[in-house]
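Quick notes on the structure that follows.
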Amino acid sequence: MNSENKETAERCPPEIADDEIDPNRSITIVPDSNAELLGEKEEIDYHDYRERFLTYLLRMGKNPEKAEGYSPYSVYSTANRTARFDRWLWEREGCYVIQPDFEHAEAYMDEVAFRDVTESTKGKILEALLRYSKWLEYRYDEERWEFDWSFNSGGGNTGPRDFLLDDERQKIRQAALQMDGNPSYGLDDEDVVDEDTSWKYTSLFWTSLDAALRPVEVRRASTRWVEPDNGLLRIPREESSKNEGDWAVSVTERTATALERWIEERSENPRYDDTDALWLTRHGNRYSSKELSRLLRSVCDKAGIDYSDRQMSFYTIRHSTGTYMTKERDLAATKAQLRHRSVKTTMKYDQVPVEDRREALDKIG
């Protein structure tokens with residue numbers, strides 16, 4: 001091991017399992033291994049940042065509405081794991097960074113998923129990041145992080161991620177088709193477009209069902225991505241949430257038609273005069289994860305889909321596409337369609353023909 005690798009290993013020691021944590025140890029605001037990477041002013045800034053975060057966890061992190069915090073033991077372990085994530089981020093970016101975003105967290109969890117540690121340890125890391133995200137939302141109004149990964153953290157079997165069943169996917173498609181321009185359908189005013197006949201929500205939901213769009217991808221979606229004649233979304237490398245390469249993503253002919261009609265319609269809408277954004281809210285903003293999840297739940301309510309015993313976030317659409325694509329085709333097709341990357345696999349080349357993936361989409365609805 002050269003000196004550079006040795007220094008990195010010393011800064012990032014192996015993951016500590018829960019049963020190795022001494023519950024009598026005090027919570028460290030800035031670990032030495034983090035301080036070593038910071039200048040004097042950066043360390044003062046980071047100390048203040050971490051103190052606010054850990055105080056939030058202790059006083060109200062578990063249930064902010066009831067001012068119920070986590071136990072010191074839970075905060076101790078969360079403090080260690082989030083400090084490790086911060087160190088990883090600084091080394092990755094080559095500089096001091098606070099307020100990490102979802103793409104940082106997602107890349108970190110992709111690495112954690114393939115580490116040689118127990119599932120429980122992976123689950124605790126994921127749990128710590130979710131607590132981190134909850135605070136960032138509370139303090140800085142950042143979007144809540146949602147991950148593809150699901151691990152058993154030792155507090156009960158989390159099971160597979162929630163996803164839409166096959167018949168529920170069909171109901172979502174039908175509800176989206178009906179909600180456009182139909183105030184009598186019963187959605188909130190802000191969920192209904194002004195035009196008598198619109199393809200906005202039809203195109204948004206149908207494209208998300210086909211392409212398994214992440215919320216950040218809906219937010220970034222551009223008219224430049226759309227090739228309706230080829231039945232494709234072509235997502236440029238610089239706009240891909242994974243930032244690994246350009247992606248050619250299949251959509252059904254039905255969805256391609258909806259997109260073509262929506263693009264023609266949006267060209268006549270003054271709200272889109274100065275932007276190439278594919279979809280905007282009624283207030284002219286790009287969609288947030290929170291807004292998209294709320295919109296999906298509204299559609300589920302009107303479609304008669306019960307989600308009282310499961311999580312119904314916008315990621316549920318993505319999980320369902322991955323589940324049924326694997327069933328109808330294979331893992332290679334799923335990885336290509338979902339644009340999924342891990343540290344042990346490469347997705348530079350899509351070896352599954354676009355036409356084959358389009359046939360699978362037609363089957364799963």
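The values are calculated or read from the model by the stated rules, or taken from the named source; none is laboratory data. The structure presented is a predicted model; accordingly, all values stated were derived computationally and were not measured. Here the Cβ positions follow ideal geometry from the backbone for every residue, glycine too, while neighbour counts run over all protein chains shown.
Restricting attention to region 299-309, the residues being closer than 19 Å to residue 215 by Cα and either surrounded by fewer than 19 Cβ atoms within 10 Å (Cβ to Cβ) or among the β-branched types (Val, Ile, Thr) (or both) number 1. In summary, residue 256 fulfils each of the numbered conditions (1) surrounded by fewer than 21 Cβ atoms within 10 Å (Cβ to Cβ); (2) touching a strand residue (DSSP E or B) at 6+ places or on another chain (Cβ under 9 Å) with the single exception of condition (1).
If you filter region 43-81 down to residues that are within 21 Å of residue 100 (Cα to Cα) and among the polar types (S, T, N, Q), you find that the one that is farthest from the chain's Cα centre (by Cα) is 55. Residue 339 fulfils the conditions (1) on the phi > 0 side of the Ramachandran plot; (2) modelled with pLDDT of 75 or more except for a single criterion, (2). Candidates are the residues of region 179-209 that are assigned to a helix (DSSP H, G or I) and surrounded by fewer than 18 Cβ atoms within 10 Å (Cβ to Cβ); the one that is modelled with the highest pLDDT is 190. Pairs linking a residue in region 73-86 that is more than 16 Å from residue 113 (Cα to Cα) and not assigned by TED's automatic domain parsing to the domain that holds residue 27 to a residue that is aromatic (Phe, Trp, Tyr) and modelled with pLDDT under 95, with Cβ atoms under 6 Å and 6 or more positions apart or on different chains, do not occur. Scoring residue 347 on the criteria (1) buried (at least 19 other Cβ atoms within 10 Å of the Cβ); (2) touching a Lys or Arg at 6+ places or on another chain (Cβ under 7 Å); (3) at pLDDT below 75 leaves a single failure, condition (1).
Just wondering, is there one or more residues in region 82-100 that are at pLDDT below 95, under 16 Å from the mean Cα position of the chain (by Cα) and over 21 Å from residue 29 (Cβ atoms)? There is no residue in region 82-100 that is at pLDDT below 95, under 16 Å from the mean Cα position of the chain (by Cα) and over 21 Å from residue 29 (Cβ atoms).
Among the listed residues 275, 321, which satisfies the condition of being β-branched (Val, Ile, Thr) and either surrounded by fewer than 21 Cβ atoms within 10 Å (Cβ to Cβ) or within 24 Å of residue 137 (Cα to Cα) (or both)?
Unique residue meeting the criteria: 275.
For region 91-106, a tally of residues being in contact (Cβ under 8 Å) with a residue 40 or more places away in the chain and part of a helix (DSSP H, G or I) returns 5. Once region 278-295 is narrowed to residues that are touching a residue at least 12 places away in the same chain (Cβ under 8 Å) and either among the polar types (S, T, N, Q) or under 17 Å from residue 172 (Cβ atoms) (or both), the residue that is surrounded by the fewest Cβ atoms within 10 Å (Cβ to Cβ) is 281.
Kindly provide the set of residues from region 277-303 that are out of contact with any helix residue (DSSP H, G or I) (no Cβ under 7 Å at 6 or more places or on another chain) and over 25 Å from residue 101 (Cα atoms), ordered by number. Residues satisfying the conditions are 300, 301. For region 110-130, the criterion of being assigned to a loop (DSSP other than H, G, I, E, B), within 23 Å of residue 69 (Cβ to Cβ) and of a type outside the set (Phe, Trp, Tyr) is met by none of the residues.
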